[in-house]
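Enquirer: Here it is, the structure in full.
The values are calculated or read from the model by the stated rules, or taken from the named source; none is laboratory data. Quantities reported herein were computed from a predicted structural model and do not represent experimental measurements. Here the Cβ positions follow ideal geometry from the backbone for every residue, glycine too, while neighbour counts run over all protein chains shown.
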Amino acid sequence: MISTIIIDDELHCIDTLVIKLRLLCPEIDVIRTCKSAKEGIDAIQTHKPELVFLDVEMPEINGFEMLDRLAATRDFHLIFTATYDQFVLRAMRASAIDYLIKPIEDAALIESVERVESVLSNKMTGNPKIGNFISNNITEQEGQRIALPDRSGYIFVSPAEICYCKAEGAYTSVFLTDDRKVLISKALGETEHMLPVKQFERIHHSSLVNLTHVRQLKKGDGLFIIMSNGDSLSVARSKRDHLLGRLGVK
């Protein structure tokens, strides 16, 4: 059983979630429900749950502010619940397992709980409780699939499906071979560490490429590579020799 606390200022949302969990996710043990962030902080510190369902928008102290107050002692997995999706990126940065839109659909709830179970059973994080599903969901059993969280949930891909990655400030845009682009809450350096070294190469401070998807080298005012999706990327002067060596070009 997964000890769980639900925090939401709307009683009907708490009641609905409790019923759904009881019917759909019997592995969840709801040990407390709380109608405010302050009550939630006290309950978390007292009961030490493995999982918290946390409403984003609450009066006085919202969900993110509540997490800030628990930052030093946080040791639980987190699923955000919200009426709108504008807080998805902040939820990613808070290392949430998922972000569920109200009214919560049955299938989405079941999938979220399964993710929590997966993290708990496989110990896919450096910290045995705080889940960072994107950077640590690389397992031999799953054929090295990686979970990329987007606005609707998670997209599961293999490294071979990643054409290249591009820095977007504190985030990274992952360009997939089927022309999708997924924005993830990881800096490019962190993204690089979760991908196979033999397959990927940093060609610029803002670009990381899958070498198997390099289709052409172009010289001109600098060196450029053409990827399998047709995109052209600049190669930093300091990265040029190493890249050429890996591509077998003298």
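Enquirer: What strands (runs of 3 or more DSSP E) lie completely within the range 175-250 and have 3 or more residues being farther than 28 Å from Tyr154 by Cα? Reasoning before the result, please.
Expert: Numbers: elements: 181-184, 200-204, 207-210, 214-220, 222-227, 232-235.
The strands (runs of 3 or more DSSP E) meeting that bar are 214-220, 222-227.
Enquirer: If we keep just the residues of the range 55-81 that are assigned to a strand (DSSP E or B) and either free of Cβ contacts under 8 Å to residues at least 24 places away in the same chain or under 17 Å from the mean Cα position of the chain (by Cα) (or both), which is nearest to His12 (Cα to Cα)?
Expert: Here is the first cut: in the range 55-81, the ones assigned to a strand (DSSP E or B) are 55, 77-81.
Subset that is either free of Cβ contacts under 8 Å to residues at least 24 places away in the same chain or under 17 Å from the mean Cα position of the chain (by Cα) (or both): 77-81.
Numbers: His77: 23, Leu78: 21, Ile79: 18, Phe80: 17, Thr81: 13 Å.
Per the stated criteria, the residue is Thr81.
Enquirer: Continuing with the same structure: Take the residues in the range 199-233 that are among the small types (Gly, Ala, Ser) and more than 22 Å from Asp178 (Cα to Cα); name whichever of them is modelled with the lowest pLDDT. It would help to see each step written out before you state the result.
Expert: Step one: filter the range 199-233 for residues among the small types (Gly, Ala, Ser), giving 206-207, 220, 222, 228, 230, 232.
Still in the list and also more than 22 Å from Asp178 (Cα to Cα): 220, 222.
Details: Gly220: 79, Gly222: 88.
Within the range 199-233, the match that is modelled with the lowest pLDDT is Gly220.
Enquirer: Moving on. Among all residue pairs at least 6 apart or on different chains, which show Cβ distances below 8 Å where the first residue, located in the range 2-19, is under 19 Å from Ala107 (Cβ atoms) and part of a helix (DSSP H, G or I) and the second is at pLDDT 95 or above and hydrophobic (A, V, I, L, M, F, W, C)?
Expert: Close Cβ pairs (under 8 Å, with a partner that is at pLDDT 95 or above and hydrophobic (A, V, I, L, M, F, W, C)) amount to Leu17/Ile6; Leu17/Phe53; Val18/Ile6; Val18/Val30.
Enquirer: Going through the range 43-54 one residue at a time, which ones are part of a helix (DSSP H, G or I) and farther than 18 Å from Leu11 by Cβ?
Expert: So in the range 43-54, the residues part of a helix (DSSP H, G or I) come out as 43-47.
Result: Ile44, Gln45, Thr46, His47.
Residues are listed down the side, and each one gets a yes or a no for (1) in contact with a helix residue (DSSP H, G or I) (Cβ under 8 Å, 6 or more places away or on another chain); (2) among the hydroxyl-bearing types (Ser, Thr, Tyr); (3) at pLDDT below 85; (4) surrounded by fewer than 21 Cβ atoms within 10 Å (Cβ to Cβ):
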residue: His77; (1), (2), (3), (4): yes, no, no, no
residue: Thr81; (1), (2), (3), (4): yes, yes, no, no
residue: Thr139; (1), (2), (3), (4): yes, yes, yes, yes
residue: Arg151; (1), (2), (3), (4): yes, no, yes, yes
residue: Ala167; (1), (2), (3), (4): yes, no, no, yes
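Enquirer: Name the single residue that is farthest from the chain's Cα centre (by Cα) among those in the range 82-95 being within 24 Å of Ser3 (Cβ to Cβ) and outside any loop (DSSP other than H, G, I, E, B).
Expert: Ala82
Enquirer: Name the residue, out of Leu211, Leu233, that is surrounded by 18 or more Cβ atoms within 10 Å (Cβ to Cβ) and touching a strand residue (DSSP E or B) at 6+ places or on another chain (Cβ under 7 Å). Outline the logic, then answer.
Expert: Working: Leu211 fails: surrounded by 18 or more Cβ atoms within 10 Å (Cβ to Cβ).
Step by step, each of Leu211, Leu233 is checked, and only Leu233 is surrounded by 18 or more Cβ atoms within 10 Å (Cβ to Cβ) and touching a strand residue (DSSP E or B) at 6+ places or on another chain (Cβ under 7 Å).
Enquirer: Tally time: how many residues in the range 214-229 are crowded, with 18+ Cβ neighbours inside 10 Å and in contact with a helix residue (DSSP H, G or I) (Cβ under 6 Å, 6 or more places away or on another chain)? Outline the logic, then answer.
Expert: Start the filter on the range 214-229 by keeping residues that are crowded, with 18+ Cβ neighbours inside 10 Å, which leaves 214, 223, 225, 227.
Narrowing the set further to residues that are in contact with a helix residue (DSSP H, G or I) (Cβ under 6 Å, 6 or more places away or on another chain) leaves 223, 227.
Number satisfying all stated conditions: 2.
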